[in-house]
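Colleague: Got a structure here, written out as structure tokens. Questions coming.
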Amino acid sequence: MCIDWGVSIRGACGALRFDTSSFHYKSRRTDQAAVERRIKEIAETRVRYGYRRVHVLLRREGWEINMKKTRRIYNELGLQLRNKHPKRRVKAKLREDRQEAAGPNEVWAMDFVHDQLAMGRKLRILTVVDTHSRLCPAVDPRFAYRGEDVVQTLAKVCAKVGYPKTIRVDNGSEFISRDLDLWAYANDVTLDFSRPGKPTDNGFIEAFNSKLRAECLNAHWFMSLADAREKLEDWRRHYNEDRPHSAIGYNVPIAMHFPDGATSPSS
């Protein structure tokens, strides 16, 4: 209007009933991307800092930002601390980028699968898979599982195939137990916890469990716990030694895990 009609800014604003202070306003908003980068950098080096401590550090560095905005950005970046875990979580992995496993026993994934006997009694099956070779060290069914039972199974299989550097798990009560944390600490194993409600964080074990259900659990009736163990062990050996796996070039997991040649260790 100022250009087309040759009127002043005051006259144009008056005709449009628009406040001249709004026309002359210059935004003083800080660069959102820069603030996000800095908050993320602080969270990566100070992994136990909440948004309040992060805000204090930002203000010390001269950032013009209020507490509400710090909290909003902190939450949007998914940096919230999970406080439902016990305070003593020595071997938990916090906010570290995941790297693809470069060799056997670098990263394992672990989870539970639920099934039942023919008479209806519930089963819980602990499943473990190596994310590099796709070797399955254990498929262990029990009527009930506690943290100490998970430790017992892991100790048994690790004595045969070696200890992993990292195990990816969800936030189930058996995996956040003191027994498992103590075992991991004693054996220098890191427990890499998935984010709550994010099963894709442990996609390797989810894919393995779907194969186990389709090829074994849905194909058999289990008459007893001993029968379930026998059939699951037969399938585990088939999976490790005979079944071609597309993700490893249609090779078999045992050949990837033990290139010099070995049979699948009994669970």
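Every number here is computed from the coordinates shown, using simple stated rules; none is lab data. As the structure is a prediction and not an experimental result, all values here were calculated from the model. As a convention, Cβ positions derive from the backbone with ideal geometry for all residues, glycine included, and neighbour counts pool all protein chains shown.
Colleague: Taking a ≥ b ≥ c as the square roots of the eigenvalues of the Cα gyration tensor of segment 127-267, is the shape rounded (a/c under 1.5), prolate (a/b larger than b/c) or oblate?
Modeller: rounded
Colleague: Let me know the shape class of segment 102-157, please: from the alpha-carbon gyration tensor, a ≥ b ≥ c as square roots of the eigenvalues, rounded when a/c is under 1.5, otherwise prolate if a/b is greater than b/c, or oblate.
Modeller: prolate
Colleague: Still on this structure, I have one more. Quick one: which residues, 5+ away or cross-chain, put their amide H under 5 Å from the amide H of residue 123? H built at 1.01 Å from N.
Modeller: Hits under the 5 Å cutoff: 115, 116, 117.
Colleague: Each residue of segment 205-219 in order: what ³J(HN,Hα) in whole Hz does its phi give by Karplus 6.51 cos²θ - 1.76 cosθ + 1.60, θ = phi - 60°, with x for Gly and Pro?
Modeller: Taking θ as phi minus 60°, the curve returns 6, 5, 5, 4, 4, 5, 5, 4, 5, 5, 9, 10, 4, 7, 9 Hz for segment 205-219.
Colleague: Let me check I've understood the local charge: for residue 232, count other residues with C-beta under 13 angstrom from its C-beta, Lys and Arg +1, Asp and Glu -1. What total comes out?
Modeller: Net local charge, residue 232 excluded: +1.
Colleague: Hey, another quick one. Residue by residue through segment 102-107, what is 3J(HN,Hα) from phi via Karplus (6.51 cos²θ - 1.76 cosθ + 1.60, θ = phi - 60°)? Round to whole Hz and write x for glycine and proline.
Modeller: 9, x, x, 6, 7, 9
Colleague: Can you list the HN-Hα couplings for segment 35-40, worked out from phi with the Karplus curve (6.51, -1.76, 1.60; θ = phi - 60°), rounded to whole Hz and with x for Gly and Pro?
Modeller: Computed from phi, the couplings for segment 35-40 are 5, 4, 4, 5, 4, 5 Hz.
Colleague: Charges at C-beta only: +1 for Lys and Arg, -1 for Asp and Glu. How large is the resulting dipole of segment 117-256 about its Cα centre, in Debye rounded to 20?
Modeller: Taking the Cα centre of segment 117-256 as origin, the dipole is about 220 debye.
Colleague: Can I ask one more? How about segment 104-212: which GluC sites (Glu not before Pro) there are in a DSSP loop, with at most 16 other Cβ atoms within 10 Å of their Cβ?
Modeller: Of the GluC sites (Glu not before Pro), the ones in loops of segment 104-212 whose Cβ has at most 16 other Cβ atoms within 10 Å are 106.
Colleague: Which cross-chain or sequence-distant (5 or more) residues have an amide H under 5 Å from the amide H of residue 222, H modelled 1.01 Å from N in plane?
Modeller: Answer set, sorted by chain and number: 118.
Colleague: Same structure, new question: Taking the Cβ-Cβ separation of residue 47 and residue 17 as r and a Förster radius of 41 Å, what is the calculated FRET efficiency to the nearest 0.05?
Modeller: 0.15
Colleague: Roughly how many whole Å is it from the C-alpha centroid of segment 217-255 to that of segment 167-208?
Modeller: 23 Å
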